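*Asks:* The structure under discussion is supplied below as structure tokens; questions concerning it will follow.
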Amino acid sequence: MEDNARLMLTQGHHTTPKWDKEKVCELAQYFRELEYLFQDCRVNDDHQKKDYAVQYLTYNTGETWMSIKEYKGEFTPTATHDEPEPAACAYTYEEWKAEIFKLYPGSESRDRYTQNDLEKLIADFLSKGTL
């Protein structure tokens, strides 16, 4: 059986998912594009997903995202090595992603307003005679 999975794109490729931290409302779109790419390239490992998610960001934003404890989890020493060895990460990609959204108020869809919200607000003000 032929494996038709694509390879993940390299950083800087013109079609990689992109996100500008000045446009927090586009964070969900960044993750949607990234997860489509994961599916297309058959990336299922949570740690790989985290690595790819930070690979496409600016250096400073990537460093911030990697500093979240849900990125790597805890290190535990092993009996055979003096250096700590990475333990299996106790946090999933989804848990880590949820922490990312917390860094950027207004990035989650529940934080956005719709045209109906605006119309209701205007109607409320008009009915109270305050404008």
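*Asks:* Beyond a 23 Å Cα-Cα separation, which of these cross-linked pairs lie in this structure: LYS23/LYS72; LYS49/LYS69; LYS21/LYS50; LYS21/LYS97; LYS23/LYS120; LYS18/LYS97? Could you put the intermediate results ahead of the total?
*Replies:* Details: LYS23/LYS72 26 Å; LYS49/LYS69 15 Å; LYS21/LYS50 17 Å; LYS21/LYS97 15 Å; LYS23/LYS120 26 Å; LYS18/LYS97 16 Å.
From LYS23/LYS72; LYS49/LYS69; LYS21/LYS50; LYS21/LYS97; LYS23/LYS120; LYS18/LYS97, over 23 Å: LYS23/LYS72; LYS23/LYS120.
*Asks:* Another question about this same structure. Heads up, I need the accessible area for ARG32: 1.4 angstrom probe, whole protein in place, Å², nearest 10.
*Replies:* Approximately 140 Å² of ARG32 is accessible to the 1.4 Å probe.
*Asks:* In addition: Which whole-Hz ³J(HN,Hα) couplings does the stretch 24-35 yield from phi under the Karplus relation 6.51 cos²θ - 1.76 cosθ + 1.60, θ = phi - 60°, glycine and proline marked x?
*Replies:* With coefficients 6.51, -1.76 and 1.60, one gets 4, 5, 9, 4, 4, 5, 4, 5, 4, 5, 5, 5 Hz.
The values are calculated or read from the model by the stated rules, or taken from the named source; none is laboratory data. All of these numbers come straight from a predicted model, not from anything done at the bench. Ligands, DNA and RNA are stripped out before the accessible areas are found, and what is left, the full protein with its side chains, is counted by its heavy atoms. Shrake-Rupley method; radii C 1.70, N 1.55, O 1.52, S 1.80 Å.
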